[in-house]
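Notes for the one structure printed next.
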Amino acid sequence: ATPTALLVGTGRGAQLGILIKGPEVLESTRRVDTVVLDKTGTITTGRMSLVEVVATDGTDPDELLRIAAALEDASEHPIARAIAAAGIDRLGTLPAVESFQSTQGLGVQGIVDGHAVVAGRQQFLADWALHPGPDLSAAKDAAEARGQTAVLVGWDGEVHGLLVVADTVRPTSAEAITELRSLGLTPVLLTGDNTAAAQHVARAVGIDEVIAEVLPEDKLAVVARLQSEGRVVAMVGDGVNDAAALAQADLGLAMGAGTDVAIEASDLTLVRDDLRTAATAIRLSRRTLRTIK
Ligand code: ADP
Ligand code: MG
């Protein structure tokens, strides 16, 4: 059930699209000194697109896309949506997938055209003894250095190529980080994505502290660890994989277009998908608190 939404600074909060769960939330905004930010969907738009198809020698790039897109069509992940959409767009209808299985934060597997197909992170494919050769590894490193995500695709005991998907940093994110810093908060980027891509995005928006390649179930532990170091943590996220960490944080902020689970786990909801509203919410809450006291 949606709690009664109290508006920060009453009319101002409403205008700005900031929803707060209850008056007790205001107190937390005064104490926070660290803001942990999810990358995909929070600092970036989360709207991914397929930008490159790299097939190994002997693999037809269209066949690689067809098989990967068929598999990803069964997944809800933004990366999967991008690959499936590009496949349908370029190749028309896709083959069916059987025995589909998704492993959060790692990748997907299933049977397509009689092949047992695996797609996802390198460590995920390694579990099936699938390892990319030097050419694919180089293509993967290059994509990640550009801040993009490489999805490795393998079947029949071999990695057949990779698909590169790219996301866009929200145009307002850098300014938001500057504003959060001016409120005395230290920003930390937390993501399940690879370290190189995470660092690229962190540099683009002005964040120095990066915690990458964190599995969804471990995001909560990262927040708890920061708290055990004496930090008072605000967390901004959007995804199902952020919900536990949002609840663990001293102050949880959900991006408005995010998932219901994330919104439910949070203290504040930013109706507009603009990270600058996080800073505004904290500033307004602190001011409201001064007015009340
Ligand atoms: P984030 O923390 O940035 O929201 P996730 O924890 O959802 O990211 O995913 C982490 C990584 O796991 C992705 O960057 C991707 O490499 C891999 N991954 C997750 N789901 C899929 C999928 N359906 N297909 C391919 N790769 C995936
Ligand atoms: Mg996310």
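The values are calculated or read from the model by the stated rules, or taken from the named source; none is laboratory data. Here the structure is a predicted model, which is why all the values come from computation and not from measurement. Backbone-built Cβ (ideal geometry, glycine too); neighbour counts: all protein chains shown.
Results, tabulated for the structure shown:
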{"item": "Which listed residue is under 25 Å from Ala119 (Cβ atoms) and polar (S, T, N, Q), from Thr29, Thr44", "result": "Thr44"}
{"item": "Residue match in the stretch 57-70 (condition: free of Cβ contacts under 8 Å to residues at least 40 places away in the same chain, assigned to a helix (DSSP H, G or I) and within 15 Å of ligand 1 (Cβ to nearest atom))", "result": "yes"}
{"item": "Any chance Ala234 is among the hydrophobic types (A, V, I, L, M, F, W, C), part of a strand (DSSP E or B), away from ligand 1 (no atom under 12 Å from the Cβ) and not assigned by TED's automatic domain parsing to the domain that holds Leu64", "result": "yes"}
{"item": "Total residues in the stretch 36-77, condition more than 16 Å from ligand 2 (Cβ to nearest atom), among the charged types (D, E, K, R) and under 20 Å from Thr103 (Cβ atoms)", "result": "2"}
{"item": "Val159 vs. criteria assigned to a strand (DSSP E or B), of a type outside the set (D, E, K, R), in contact (Cβ under 8 Å) with a residue 12 or more places away in the chain and touching an Asp or Glu at 6+ places or on another chain (Cβ under 7 Å)", "result": "no"}
{"item": "Candidate set: the stretch 215-264, residues that are more than 14 Å from the chain's Cα centre (by Cα) and of a type in the set (Val, Ile, Thr); chosen: the one farthest from ligand 2 (Cβ to nearest atom)", "result": "Val232"}
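Listed here are the residues, each with its yes/no results for (1) outside the structural domain of Ser173 (by TED's automatic domain parsing); (2) away from ligand 1 (no atom under 11 Å from the Cβ); (3) among the basic types (Lys, Arg); (4) surrounded by fewer than 17 Cβ atoms within 10 Å (Cβ to Cβ).
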site	(1), (2), (3), (4)
Val53	yes, yes, no, no
Ser75	yes, no, no, no
Leu91	yes, yes, no, yes
Gly105	yes, no, no, no
Gln109	yes, no, no, no
Val112	yes, yes, no, no
Val118	yes, no, no, no
Phe124	yes, no, no, no
